[in-house]
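Heads up: the structure comes next, in structure tokens.
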Amino acid sequence: MFLAEGISSTAGDEIMPDATTDATPKNPLMTTADRERWDARYTGRSATVESEPPEWLVRHTTELPPGRALDLACGLGTTAIWLAERGWQVTAVDISPIGLETARTAADRRGVSVEWIAADLDDWAPALAAFDLVTVFRFLDRGTLPERIAATLRPGGRVLYETFLAPESDEWISHVRNPAFVLQPGELPRLFSGLRILDYDEAAVNGERMARLLAVKM
Ligand SMILES: C[S@@+](CC[C@H](N)C(=O)[O-])C[C@H]1O[C@@H](n2cnc3c(N)ncnc32)[C@H](O)[C@@H]1O
């Protein structure tokens, strides 16, 4: 796999036992196809923080003391860089080396350090009880990812999760209609039923119907 300088692949000591991975491993061709698709989308994007941090992130982290944070499907690094600028020690994971390289350059320009990891989240798992905060924005994996997130949180650690919700009707402006990539109403809290839900809503965010969850590991 091509890895840009400063970006690590999955480190051996970051992998949890097989018990948490899917029984049926993902076809490597699908990993390659996902990576190529996202690399193509990120090719030529500027190495700047292009968007505002998600409102849900700002709302639910401003009062938290900084600790170790893990941003999954980090894209161009908006969330990871925002957290790092506020004193969090951030690890960020994505399947796209080109996206990660762009994010790393943006972080360098802003004078913050993030650990960038190129990996397929369908079968990547962080260490047990390692993070105070896990963030996921605009990415859905219904497999074992919710339980891997719960496992990597320390007691008292929180997960912030926001992604697309199925349209209620055609009046919703949404380009995301594949059922595999959108949540059903009430589904996100069920995926995290092992955690205590502190806040949840289903709302229009920037013209998209989103489900947003904050949960804590007891
Ligand atoms: C819609 S973007 C969201 C990026 C970022 N979280 C944000 O909100 O701007 C989805 C991200 O998921 C990443 N992705 C897609 N499939 C993945 C997989 N199997 N493993 C890891 N990352 C994946 C893509 O590379 C892309 O950066």
Task: Amide H contacts under 5 Å for VAL90, placed H, 5+ residues apart - done: ALA69, GLU115
- [ ] Would you order PHE181, PHE139 from fewest to most other beta-carbon atoms within 10 Å of each residue's own beta-carbon?
- [x] PHE181, PHE139
Open item on the list: Sorting check: for 51-58, 205-212, 36-43, 69-76, which peptide has the highest mean count of neighbouring beta carbons within 10 Å, and how do the rest follow?
Closed with: 69-76, 205-212, 51-58, 36-43
Task: By average C-beta atoms within 10 angstrom, highest first, the peptides 140-149, 156-165, 106-115 - done: 156-165, 140-149, 106-115
Open item on the list: Contact order normalised by length for the stretch 5-216, with contacts defined as Cα pairs under 8 Å and 6 or more residues apart; what percent is it?
Closed with: 20
Open item on the list: For Cα pairs less than 8 Å apart in space and 6+ apart in sequence, what is the mean separation divided by the residue count of the stretch 68-173, i.e. the relative contact order in percent?
Closed with: 26
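Bear in mind these aren't lab numbers, they're just calculated from the coordinates by the rules spelled out. Keep in mind that this is a model prediction, so the values were computed, not measured. Glycine gets a Cβ as well: all are built from the backbone with ideal geometry, and neighbour counts include every protein chain shown.
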